[in-house]
Each structure stands twice: as C-alpha cells, then as structure tokens.
Amino acid sequence: MTKPDDLVRSFGMSGLLVTEELKNVEQKYNLELGHVARAAAKSPVDFYPQFEQTVRAEARAMARHYELFYCLEQSIRKLITETLLEAEGANWWDTKVPTSIVQSVKDLIKKEVDSGVTRRSDAAIDYTNFGELSVIITANWDLFSTIFTSRRAVERVMSSLNLLRGPIAHCCPLADDEVDRLELAVRDWFRMIG
C-alpha cells in the first residue's frame, strides 16, 4: 500500500520535472510560457542613477529611431546580399563590390581582430557603412534596376538617410523636423522598391 507521504513526494517530483521540461522548451524556442514568474529585466539605465533624468528621457526617445534605422540598414544589407548572391553566386563579394569597399572592410576586420574583441560578424557586408551600401547598389545598377524605380531616387534617399543616421549613431537627439524627415525618408525607401 502506498503511503500518503509517498504520494505527496511523487506529486512534487512530477511537478519539478514538468517545470524543468517547460523551462527547456522556453529556452529552445525563445518563448515565455508564464508557468513561473520571471524577474523583471532591468534597463541598463536602472544601474546608473547618476545620469540625469533629461538624458534618460532623450535616450528613451532616441531608442525608437535607432530601432527603425537598425531594421532598415539590416534589410538593405539583406537585399544587397540576396540580389548579388542570386546574380553572381557565392563569390559576389569579390566580384561585385567595388575594390575600395572590399579593402576598407578588410582593414576594419583586421583592426577588430587585432584589438582582441569579438568579431561582429562573419559576413563582410556587416562591416560596411551606410554610404558604402548605397555605392554597392549604384555600382551594380544593372542588377538593382529591376528592384528600384529610379537610380537617382535611390541616391537621393540613401543620401538623406545617411545624413539622418549621424545624430542617431552619435547619440544626439533628433529635432522634431528631423524625426519627420526620417519617417518620410523611410517611406520613400519602401516606395522606391518596385
């Protein structure tokens, strides 16, 4: 006959096993199932109370602009990579990217490796700056002309976005007019894609 203590112990162990399995599923699929309360993630600024409140408020406001630009820049890199890979194959970086950009990227990778920091990426295109992305597109216009409506529009919008990128990348607040200009430039970018 099973003792009541054994039943309680068995029930408790089953619960622990189920909890561990759910944690494994959460980690594997990057989910939050909510079966166990998690500690609230702290913002980095929570650890630095010496920062002025106005600076924290500016950082919060600028975060959304950074997020928008990050997504845009990554999507442009993906578009370039997919287009040139499809047209030229795996060797596209060496055959379709201007040599000055290839050399600049090599130098940047070497500098990163020599400094002992973790490499940001194995993909060379991740070492290009925004202006270089524009050059890659225009240098291969024959391949991108089916994607975009106008080469001049690409150059104009990319130039505008590159100017707007400066304050975002260098931690300066954007004026209200520049926020409007950023949103319009991003709309222009998607409008250009045929």
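Any read-out appearing in this document is the output of simple, stated calculations on the displayed coordinates, not a laboratory observation. Because the structure is predicted, anything quoted here is derived from the model rather than measured. Please note: Cβ atoms are built from the backbone with ideal geometry, for glycine as well, and neighbour counts cover all protein chains shown.
Which of the following residues is hydrophobic (A, V, I, L, M, F, W, C) and under 25 Å from Leu182 (Cα atoms): Leu108, Leu143, Leu133, Leu85?
One residue alone meets the criteria, Leu133.
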I'd like the full set of residues that are in a loop (DSSP other than H, G, I, E, B) and more than 23 Å from the chain's Cα centre (by Cα), limited to the stretch 138-161. Asn140, Ser145, Thr146, Thr149, Ser150
Going through the stretch 174-187 one residue at a time, which ones are within 20 Å of the chain's Cα centre (by Cα) and surrounded by fewer than 16 Cβ atoms within 10 Å (Cβ to Cβ)? Glu183, Arg187
Out of (1) surrounded by 15 or more Cβ atoms within 10 Å (Cβ to Cβ); (2) free of Cβ contacts under 8 Å to residues at least 60 places away in the same chain; (3) farther than 28 Å from Ala59 by Cα, the odd one out for Leu143 is which? (2)
Could you grab the pairs with beta carbons closer than 7 Å, sequence gap of 6+ or different chains, first residue in the stretch 53-72 and on the phi > 0 side of the Ramachandran plot and in contact (Cβ under 8 Å) with a residue 60 or more places away in the chain, second one in a helix (DSSP H, G or I) and surrounded by 12 or more Cβ atoms within 10 Å (Cβ to Cβ)? none
